[in-house]
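Below is one structure, written out as C-alpha cells; the observations come after it.
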Amino acid sequence: MLNYKSIKNFLFVSTLLLIFVLPNISMAQNCSKKKLADKELREDYDYRGQSLFIELGNGDSTTLNIVLYSKQNYRLFVVGEQKLGKVDYDIIVPRKKFNRVVKDIQPKKVTSYKKDPNGFYLYNNDGERIPIGEEMIQDTSWTRETSTTEEVVFNSRTSDVSYWLATPSKTQLITIKVYVEKAEKVQRGCIGIYVGREFANAYQFRR
C-alpha cells in the first residue's frame, strides 16, 4: 500500500517532468509546424514523404539516411531558424567498387610444347602441337571483393545554390549530415531537412 511519503515523492517527480520535459517535447513537435522554407525555395515538390523537422543547438550535428527511388526527380535542402546562425549540410552517396583479387595459387604440372623462334607453337602432320616434356606452373584462381566508399556529392559550404537536385537511375540510399555552427551563447531552434519529390512523378513510382 502506498504511504503518504511515497505519494508525495511521486507528485514531486511528476511536477519536475511537467516543468522540464514537456516543454522540450512540445518544442520538438512544433518544429514540423513552422514554415522554415519559403515557397520560392520549396517550388512545386511534395515534401510530405521523408522530410524531417528537429530541434538542434549551436555546435550540434545530426545524420539522416533516406531512400531515393529510381526515375524520380528530387529536391533536397536544409534550413534552420535564423537564431541558430549558419546551418550547413553534406549529401553523401555510397559507391561500390568491385576488385579482382587472388583467391588461391596451386602448383600444377602441364605439358610443354615446341615453339618457333617467334614463340608460336609448331604442329606435326596431324595438326597437333608437338610435346617436348612437362613443366610446373602456378595455377591461380580469382575471386571478386566488394568495397564501399562514401562520396560527398553536395556540400552547402562550397555550392553556388542552396539545394541539391537529383534523378537517380536506380533506387539508392543516401545520407544527409547537418552541422549547426558553434556559438558562444548556445541557442536551440528548429531545423528542417526537406526531401521533396516532384508532383509530376507521383504516379511513376519505380524501384
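Values in this text are rule-based calculations from the coordinates and carry no lab data. This structure is a prediction, so every number in the text was calculated from the model and none was measured. So basically every Cβ, Gly included, is an ideal-geometry build from the backbone, and we count neighbours across all protein chains shown.
For SER51, nonlocal amide neighbours, meaning residues 5 or more places apart or on other chains whose placed amide H falls under 5 Å from its own, are VAL195. Kirkwood-type hydrodynamic radius, the range 109-207: 22.0 Å, calculated from all non-identical alpha-carbon pairs. Going from the residue with the fewest nearby Cβ atoms within 10 Å to the one with the most, ASP90, ASP126 rank ASP126, ASP90. Label-to-label distance for PHE98 and ALA183 is 5.0 nm, based on points extended 7 Å past Cα in the beta-carbon direction. Across the cross-link table entries LYS97/LYS170; LYS35/LYS83; LYS34/LYS86; LYS96/LYS170; LYS35/LYS170, which are compared at the Cα atoms, the separations over 20 Å belong to LYS35/LYS170. Using the empirical formula 2.2 N^0.38 Å as the baseline, the Cα radius of gyration of the range 67-165 reaches a ratio of 2.35. Site pair THR148 and LEU165 shows an inter-label distance of 2.9 nm when each label is modelled 7 Å from Cα along Cα→Cβ. Note on LEU122 and THR175: with the Förster distance fixed at 35 Å, the Cβ-Cβ geometry gives a FRET efficiency of about 0.05.
Placing +1 at every Lys and Arg Cβ and -1 at every Asp and Glu Cβ, with all other atoms neutral, what dipole size does the range 100-143 have around its Cα centre, in debye to the nearest 20? Don't jump to the answer; show the numbers that get you there.
Values: 7 positive and 7 negative charges, 40 e Å.
Computed charge dipole of the range 100-143: roughly 200 debye.
3J(HN,Hα) along the range 127-134, derived from phi through the Karplus expression 6.51 cos²θ - 1.76 cosθ + 1.60 where θ = phi - 60°, amounts to x, 9, 5, 9, x, 10, x, 10 Hz, with x in place of Gly and Pro. Close amide H partners of ASP60, meaning residues 5 or more places away or on another chain with modelled amide H under 5 Å apart, are VAL180.
Using the Kirkwood radius over C-alpha pairs as Rh, can you work out the diffusion coefficient of the range 100-143 via Stokes-Einstein at 20 °C, viscosity 1.002 mPa s, in µm² per second?
Numbers: Rh = 12.4 Å.
Calculated translational D: 173 µm²/s.
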